[in-house]
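Undergrad: First, the structure itself, so that you have it in front of you.
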Amino acid sequence: MRITVFGASGYSGGHITTEALNRGIEVVGVARDVAKVPAGATAEAGDVTDAAFVARAVEGAAVIVSALPTAAPSGEGTELRTAVEALVAAARATGARLGVVGGAGSLLVAEGGPKLVDTPSFPDAVKPIAQEHDRALDYLRTVEDVDWFYLSPAASYGSFNPGEKRGTFRTSGDLLLTDADGNSEISGADYATAFVDEILTPAHERERFSVAY
C-alpha cells in the first residue's frame, strides 16, 4: 500500500509517516522542508494549492493524508478548509481515501454539547486554530462522494506534550475522552497508531472519531 502524507515534516505528519513506514506502508511525504521528512519516505516539496503537483504526488496512493497546519494568525499560509478541499478533489479524481488530522476543539464535552472550544476555560489564543479545524470538518460532512475520515486527538495533544508510546488507548465519536482525573491526553506516537490502524483496517467511513487514553 502507498499513502501520500501532506505535512509529513510536522508533529502529526511525522509521527504518522514513521508509524506507516514501520508497518510496511510505502509513504510519499510532502513538505515545504523535505529535510524534515522522516527517513524512509519519498520526500516531495510542494504546495497543496498547486493542483498539478498534488495530482503527481498522490498518483498510486490508496490513502491521502492531510496533516497540514492551520493558517498563521497573520494570515500567512493556506486556510485548512481550502487545503482539505484541494485534497478532497484529488481523492475524488483518483478514488483514494482521505484521512484528516483534526482538532479537539470541536469535540463535545458532554452529550448535546457544548463543544470544547465554546467552554469558558478554552484558551483564547488557540480558538482561531480550533475554529479553523471545525470549518474543515463542517465541509467534510458535506462530502458524500469521497471516503474520508477525520481523527480528533485528545485535548492535550501536540509537541508541547509529546508523551511516549503506550500502545493502548480508547476511541470515541464526537465526545471528548477524559481519564478519571479529567485529563485528556494522547501522545504523538499513539495518535499515529490509531490513525494508521484506520488506514489499514477502515472502520469509520465519512466519520469523525477521536482518540485518547
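Undergrad: Within segment 105-112, identify whether any single residue is more than 16 Å from the chain's Cα centre (by Cα) and small (Gly, Ala, Ser), and answer yes or no.
TA: Among the residues of segment 105-112, at least one is more than 16 Å from the chain's Cα centre (by Cα) and small (Gly, Ala, Ser), which makes the answer yes.
Undergrad: Picking from 120, 162, which residue would you name as being part of a loop (DSSP other than H, G, I, E, B) and in contact with a Gly (Cβ under 7 Å, 6 or more places away or on another chain)?
TA: After applying the criteria, what remains is 162.
Undergrad: Related question: How many residues, within segment 55-70, are free of Cβ contacts under 8 Å to residues at least 40 places away in the same chain and either in a strand (DSSP E or B) or of a type outside the set (Gly, Ala, Ser) (or both)?
TA: Residues flagged as free of Cβ contacts under 8 Å to residues at least 40 places away in the same chain and either in a strand (DSSP E or B) or of a type outside the set (Gly, Ala, Ser) (or both) within segment 55-70 amount to 2.
Undergrad: So, one more: Given the criterion within 29 Å of residue 2 (Cβ to Cβ), in a helix (DSSP H, G or I) and out of contact with any strand residue (DSSP E or B) (no Cβ under 8 Å at 6 or more places or on another chain), identify the matching residue among 130, 125, 136, 192.
TA: After applying the criteria, what remains is 192.
Undergrad: Being on the phi > 0 side of the Ramachandran plot and surrounded by 12 or more Cβ atoms within 10 Å (Cβ to Cβ) is the filter here; which residues of segment 138-167 pass it?
TA: Correct list: 158, 163.
Undergrad: Out of everything in segment 181-199 that is surrounded by 15 or more Cβ atoms within 10 Å (Cβ to Cβ) and free of Cβ contacts under 8 Å to residues at least 60 places away in the same chain, what residue ends up being farthest from the chain's Cα centre (by Cα)?
TA: Applying the filter and picking the extreme gives 185.
Undergrad: Within the group 178, 171, which residue is surrounded by fewer than 20 Cβ atoms within 10 Å (Cβ to Cβ), of a type in the set (Val, Ile, Thr) and free of Cβ contacts under 8 Å to residues at least 40 places away in the same chain?
TA: After applying the criteria, what remains is 178.
Undergrad: Also, I was wondering about something else. For segment 1-24, how many residues meet the condition of being surrounded by fewer than 20 Cβ atoms within 10 Å (Cβ to Cβ), among the hydrophobic types (A, V, I, L, M, F, W, C) and over 21 Å from residue 186 (Cα atoms)?
TA: Here the count works out to 1.
Undergrad: For residues in segment 90-119 being over 21 Å from residue 198 (Cα atoms) and of a type in the set (A, V, I, L, M), which is surrounded by the fewest Cβ atoms within 10 Å (Cβ to Cβ)?
TA: 110
Undergrad: Given the residues 206, 170, 135, which is the only one that is out of contact with any Gly (no Cβ under 7 Å at 6 or more places or on another chain) and on the phi > 0 side of the Ramachandran plot?
TA: 206
Undergrad: Another one. Against the condition out of contact with any Phe, Trp or Tyr (no Cβ under 6 Å at 6 or more places or on another chain), closer than 19 Å to residue 1 by Cβ and hydroxyl-bearing (Ser, Thr, Tyr), how does residue 82 come out, does it pass?
TA: In short, no.
Only the coordinates and a few stated rules stand behind these numbers; no lab work does. All values reported here derive from a predicted model rather than from experimental measurement. As a convention, Cβ positions derive from the backbone with ideal geometry for all residues, glycine included, and neighbour counts pool all protein chains shown.
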